[in-house]
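The values are calculated or read from the model by the stated rules, or taken from the named source; none is laboratory data. Since this is a predicted model, take the numbers as computed values, not measurements. With ideal geometry, Cβ positions are generated from the backbone for all residues, glycine too; neighbour counts draw on all protein chains shown. Ligands, DNA and RNA are excluded from the accessible area calculation, which covers all protein heavy atoms including side chains. Shrake-Rupley method; radii C 1.70, N 1.55, O 1.52, S 1.80 Å.
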Amino acid sequence: DHIRQETGDLVLNMMDTHCHIDFEDFDNDRDEVIKRAKDKLDNVIVSGYSNDSNLDVLQLSKDNPGFIYPTFGFHPVSSQNSTEEELKLAHENIIKHIDEIVAIGEVGMDYFYVTDKTLREKQQEIFTSFLELANEYNVPIVMHVRDCEKKAVNIIENYEEIPYFVFHCYGGSLKTAKRIMNMDNAYMSFSTMVCYSKKHQDLIEKIDLDYVLTETDSPYLAMTKDERNEPVNVVKAVEKIAEIKNIDISSVDEITTNNARRIFN
């Protein structure tokens, strides 16, 4: 049974499928943050966002084998100003460590922060380069596609060798969510935002849990603007989803965790 009894409380096999505990926000107490996560969660996936970050998350996974797993990415907002050499290095590092990472990501496009047409085109060009890499190596891809979810769906439908697509921190429309669910190999990740965002609460109410993952995006998206988020808070997201869906916490945990295990192997 995946549910364990500890000090009288249910301890589930929850997973934070997307966080950034390599950030300097955690430099003073990273070990304690990881310990708190280990007390409540079975796994944490730390997502790289730059060439330096990718190597940092790889080291974190080596320091915490069987608990922390890495993805290698190239964040769209910072990558739009990258050089050809930096992009080439990102690709080379992914290929070099393809057997050590569980996905490519986070990569994508961000139309919230970027309105310039030329920069948006560059973001799409870079995003496409990572889609082609994931397609070639048959690995899942974790996507940051803010305010351009519909466009992302149109793009990814062309890549048939990518086993799974994850819409990290999904915040698109219900109409686009229904298109994602029709893909069969695409998933939407819901963060701790579901605890306080009416939009995300309305979305999760109508989205089938068979297409849902849970995350924190730590250190971002905490309960208040003054707080720093951390992986253990994914428990709060699972509890809120259970409340909204009016089903028990262990069912939400089991479905979303099984989804994550299927995607990230």
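With a probe of 1.4 Å, find how much accessible area the chain has per residue, and write the answer as a whole number in Å².
Computed with neighbouring chains in place, this is 46 Å² per residue.
Output needed for region 64-221: three equivalent-ellipsoid semi-axes, defined as square roots of 5 times the C-alpha gyration tensor eigenvalues, in descending order, whole Å.
On the way: eigenvalues 114, 69, 50 Å².
Ellipsoid semi-axes (Å, largest first): 24, 19, 16.
Pull out the extension gain between I95 and E121, defined as 0.36 nm times the separation in residues minus the alpha carbon to alpha carbon distance; nm, one decimal.
6.9 nm
Contour minus end-to-end for E32 and D210, with contour as 0.36 nm per residue of separation and end-to-end as the Cα-Cα distance?
Between E32 and D210, full extension yields 60.8 nm more.
If you wrap a convex hull around the Cα atoms of the chain, how much volume per residue is inside, in Å³?
Per-residue hull volume (Cα only) is 129 Å³.
Taking Cα atoms, how many degrees apart are the long axis of helix 51-63 and the longest axis of the chain, rounded to 10 and kept between 0 and 90?
It works out to around 30 degrees.
Please compute the length gained on full extension between K245 and R262, using 0.36 nm multiplied by the number of residues separating them and subtracting their Cα-Cα distance. Could you put the intermediate results ahead of the total?
Working: separation 17, 0.36 × 17 = 6.12 nm, distance 2.25 nm.
That pair, K245 and R262, stretches by 3.9 nm at full extension.
Determine the distance separating the Cα centre of region 12-82 from the Cα centre of region 188-265; give it in Å without decimals.
With region 12-82 and region 188-265 each reduced to a Cα centre, they are spaced 18 Å.
Quick check: convex hull over the Cα atoms of region 68-120, volume per residue in Å³, rounded to an integer?
Expressed per residue, the convex hull around the Cα atoms of region 68-120 is 79 Å³.
Let me check I've understood the local charge: for V238, count other residues with C-beta under 11 angstrom from its C-beta, Lys and Arg +1, Asp and Glu -1. What total comes out?
Working: positive: K40, K236, K240, K245; negative: D16, E215, E239, E243, D248, D253, E254.
It works out to a net charge of -3.
Per the helix-only calculation at 222 nm, which mean residue ellipticity applies to the chain, given -39500 (n - 2.57) for every DSSP H run of n ≥ 4 and division by its residues, nearest 500 deg cm²/dmol?
-13500 deg cm²/dmol
Can you compute the charge dipole magnitude of region 1-139 about its Cα centre, using +1 on each Lys and Arg Cβ and -1 on each Asp and Glu Cβ, nothing else charged? Give it in debye, rounded to the nearest 20.
260 debye
Antiparallel as a % of all DSSP beta bridges within region 1-126, to the nearest 5?
Percent antiparallel among DSSP bridges in region 1-126 is about 25.
When the expected Rg is taken as 2.2 N^0.38 Å, what fraction or multiple of it is the alpha-carbon Rg of region 151-265? Intermediate values should be presented prior to the final figure.
Working: Rg = 13.9 Å, N = 115, 2.2 N^0.38 = 13.4 Å.
Normalised Cα radius of gyration, region 151-265: 1.04.
Test of understanding: express the Cα radius of gyration of region 30-101 as a ratio to 2.2 N^0.38 Å, with N the residue count. Don't skip to the end; give the middle numbers.
Working: Rg = 13.5 Å, N = 72, 2.2 N^0.38 = 11.2 Å.
Working it through for region 30-101, the quotient is 1.21.
How much space per residue, in cubic angstrom, does the convex hull of the C-alpha atoms of region 123-203 take up?
About 84 Å³ per residue, rounded to a whole number.
Rounded to a whole number, what % of the accessible area of region 1-157 do carbon and sulfur atoms account for, probe 1.4 Å?
Ligands and nucleic acids excluded, carbon and sulfur reach 46 percent.
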